[in-house]
Structure formats: C-alpha cells, structure tokens
Amino acid sequence: MTVDGVVEETDEPGWEVDPDDDWALAVVATVGRQLKLRRESAGLRAGEFAVAVGYGEDLVYKIESGKRIPRPEYLDTADEVLNAGGLISAMKEDVNKVRYPKKVRALAQMEARAVELQLYDPLNIHGLLQTPEYARGLLLMRRPAYSSDELERYITARLARKCVFERDPAPELSFILEEWTLRRPLGGKEYLRRQLQHLLTMSQLRNVELQVMPMNREEHAGLAGGIEVLKFADGTAVGRSPAVANGRPVSDLKQLRILELRYGIIRAQALTPRESMAFIEQLLGET
C-alpha cells in the first residue's frame, strides 16, 4: 500500500521471517546489519533513509533488525540511495531463497541437480505442473488453514521450482496424473480450464512425458501413495514415498528399486502419452 508516496508493507503477508528457520534468520539478520551499517556510514538517520527510499520508517527498522525480508526493489533502491555500486542489489539472490520454506528449499536443490525425475502424485496435479491459480486454490483447501504469510511463501516457492523446466541441458521429466485430479475444479471451472491447457502446453516439451491413470482401470499399483525418484549425473538417486521409510527420502539401492518397480508398473497401467493428451483435450472440451 502507498500513502503519500511512501510504501507501507509492514502488514503484507509473505515477507515475515520463519522463526524456526535458522538459515533464513541468519541471512536476513546479516542483510539487515549490512543495510544499517551502510546507512549509518552515509550519515542518514532511519527516518531520513525511509524518506529517501520511499518506504515507511517502521519497515526500515524491521528490515535492519532482521525481522522482515526485504523486497528486491527495496534492495535496488537502497543500493542507489547509498551509492553501494551494486553490492546491496547483489544480496537479492540470497534474500530471495529465504522466502521459500526450509523443506521446499531442500527439494528445489535436489530438483536443480537431477537429470531425470519420475513423479507420481495420487492426490493432486504435481506441484511442478500447477498453474499459479491452481496452486493457490489447492493451498487454500488445507485444514487447518495456512496463515496468509505461509500461503504466500508456499505459492512463491512452488512457482520458483518451475525453473527446472528452463535448465540447459534439460532433465527428463515423467509425470503420472490421476484422472480425478483433472476433473476437480479447484477454484472454479475457469481455473481448471487454464490448468488443463497448461498441461497440454507442457506435454509439447521434448523432455516432458505426461501420462494419465484413468479411473476405470481395474489394476493400479499406486494405491500405496505417491512416488518421487530423482536421478543425478553421478549415477546416484534419491526417492520418496509414503509406502517406503515412512515417507523419508531414501538412497538405498534396495528401496530405490522398489520405488522404480512400482513407478514402472503404474506407467504401464496408465494411458500412453499420446492417449493421455487426447484424454486431456477431451476433458478440456467438456469443462
């Protein structure tokens, strides 16, 4: 919100620091300390600096004390006002990462290294394939409900993971989707239409393979839960499933073989990629 040319963000969700995230707390505290030292070195009081950058004084204090994650544009403006020569703006990369929940950061780091991903979610369209509207609608269904701050952090993190599609060389991605997840109009039918259209667009990527598991199948090897298998360039891999090791990530070869066996059977039972695209097009026409 802007009042008389001053941006007030103190109550806007999504920029508070997670008190249980030690790394995030350390990063934001370091950035805040650097901003304060540079401001004081420039001979500016907090109120004067607030006027110069066009933000509220309360926000300046919160950022400098490590209680608030600074926006990228705040850091850019501060860099200009303090004549930092790009040193403050350079902190945007680290600051951007702390907006993501800790467990999401760990997953994103693994996805960024993987050369092959095999992904099956029996409950929802996989996060890497979700449109922003679908992601928000899905997260709003959670009970007990996420706070506004948590909701914004998870949406930001989920969308940021999509950089896996932009890597060069691109990893091979295989997704298995349940038919019912393609029919439930979370957030409304228009959002579902956009989600189905997005799936058709993603299916055109050379490194992406989408398959649909129809509800009329009499055999289904995925009833024990979702599966994620990430393979890396050095030949190692990590997998996860509620049916193995209570959902904890595993790298043991025996457990990985179980996950890959199950995933392979599910793929064989599902529609082929070409049949799946025709099926999604049919659903889109019905929606």
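Please compute the length gained on full extension between Ala52 and Arg143, using 0.36 nm multiplied by the number of residues separating them and subtracting their Cα-Cα distance. Mind dumping the intermediate values first?
Working: separation 91, 0.36 × 91 = 32.76 nm, distance 4.29 nm.
Contour length minus the Cα-Cα distance gives 28.5 nm.
Residue by residue, the range 237-247 carries 3J(HN,Hα) couplings of 8, 9, x, 8, 6, x, 7, 10, 6, 6, x Hz when phi is fed to the Karplus relation 6.51 cos²θ - 1.76 cosθ + 1.60 (θ = phi - 60°); x denotes Gly or Pro. Annotation: Cα Rg of the chain relative to the compact-globule expectation 2.2 N^0.38 Å equals 1.19.
Using the beta-carbon distance between Asp252 and Gln34 and R0 = 30 Å, what value does 1/(1 + (r/R0)^6) give for FRET efficiency, to the nearest 0.05? List each step's numbers first, then the result.
Working: r = 43 Å, r/R0 = 1.44.
Efficiency at R0 = 30 Å is approximately 0.10.
Extending 7 Å from the Cα toward the beta-carbon at both Glu116 and Ala42 defines two label points whose distance is 5.2 nm. Dipole of the chain computed with +1 at Lys/Arg Cβ and -1 at Asp/Glu Cβ about the Cα centre; of Met277, Gly247, Pro70, farthest Cα towards the positive end is Gly247.
What is the percent of Cα-Cα separations in the range 2-97 that go past 19 Å?
On the way: 1538 of 4560 pairs.
Tail fraction, whole percent: 34.
Amide H to amide H distances under 5 Å link Tyr55 with Val7, where only residues 5 or more positions off or on other chains count and H is placed in the peptide plane.
Using only the Cα atoms of the range 107-206, build the gyration tensor, take square roots of its eigenvalues as a ≥ b ≥ c, and label the shape rounded, prolate or oblate: rounded if a/c is under 1.5, else prolate if a/b is larger than b/c, else oblate. Here the range 107-206 falls in the oblate category.
Treating only the Cβ of Lys, Arg, Asp and Glu as charged (+1, +1, -1, -1), what charge dipole size does the range 2-97 show about its Cα centre? Round to the nearest 20 debye. Present the calculation step by step, with values, prior to reporting the outcome.
Numbers: 11 positive and 21 negative charges, 91 e Å.
Magnitude of the dipole: close to 440 debye.
Got the relative contact order for the chain handy, in percent, Cα pairs under 8 Å and 6 or more residues apart? Reported as a whole number, the value is 17 percent.
So which trypsin sites (Lys or Arg not before Pro) in the range 190-287 end up in coil per DSSP with only 15 or fewer other C-beta atoms within 10 Å? Numbers along the way, then the final one.
On the way: sites: Arg193, Arg194, Arg206, Arg217, Lys231, Arg240, Lys254, Arg257, Arg262, Arg267, Arg274; in loops: Arg206, Arg217.
Listed in order of number, the matching sites are Arg206, Arg217.
Of all beta bridges DSSP finds with both residues in the chain, what is the antiparallel percent, to the nearest 5?
Values: 15 of 28 bridges.
For the chain, the DSSP antiparallel bridge percentage is about 55.
Only DSSP H runs of four or more residues enter the estimate; each adds -39500 (n - 2.57), and after division by the residues of the chain the mean residue ellipticity at 222 nm equals -14500 deg cm²/dmol.
Between the alpha-carbon centres of the range 153-218 and the range 129-151 there is a gap of 16 Å. Only alpha carbons enter this Debye calculation for the range 213-287, each as an equal point scatterer, and the log10 of I(q)/I(0) it gives at q = 0.27, 0.28 Å⁻¹ is -1.17, -1.21.
Fully extended, how many nm does the chain gain between Lys162 and Gln204 (0.36 nm per residue separation, minus their Cα-Cα distance)?
Working: separation 42, 0.36 × 42 = 15.12 nm, distance 1.58 nm.
Extending this stretch completely gives an extra 13.5 nm.
A simple rule links phi to the HN-Hα coupling: the Karplus curve 6.51 cos²θ - 1.76 cosθ + 1.60 with θ = phi - 60°, which for the range 274-285 gives 5, 5, 5, 5, 5, 5, 5, 4, 5, 4, 4, x Hz, with x for Gly and Pro. Our estimate of slack between Glu260 and Thr287, defined as 0.36 nm per intervening residue step minus the Cα-Cα distance, is 6.3 nm.
Which pairs break 26 Å Cα to Cα here: Lys92/Lys231; Lys97/Lys254; Lys162/Lys189; Lys67/Lys162; Lys231/Lys254?
Numbers: Lys92/Lys231 30 Å; Lys97/Lys254 34 Å; Lys162/Lys189 24 Å; Lys67/Lys162 28 Å; Lys231/Lys254 15 Å.
In this structure, Lys92/Lys231; Lys97/Lys254; Lys67/Lys162 exceed 26 Å between Cα atoms.
Sequence-ordered 3J(HN,Hα) estimates for the range 140-156 from the Karplus curve with 6.51, -1.76 and 1.60 and θ = phi - 60° stand at 6, 6, 5, 10, x, 5, 5, 6, 4, 5, 4, 4, 5, 5, 5, 5, 4 Hz, glycine and proline given as x.
Every read-out reported here was derived from the displayed coordinates using simple, explicitly stated rules and does not represent laboratory data. All values derive from a computational prediction rather than experimental measurement. FYI the Cβ positions are ideal-geometry reconstructions off the backbone, even for glycines, and counts take in every protein chain you see.
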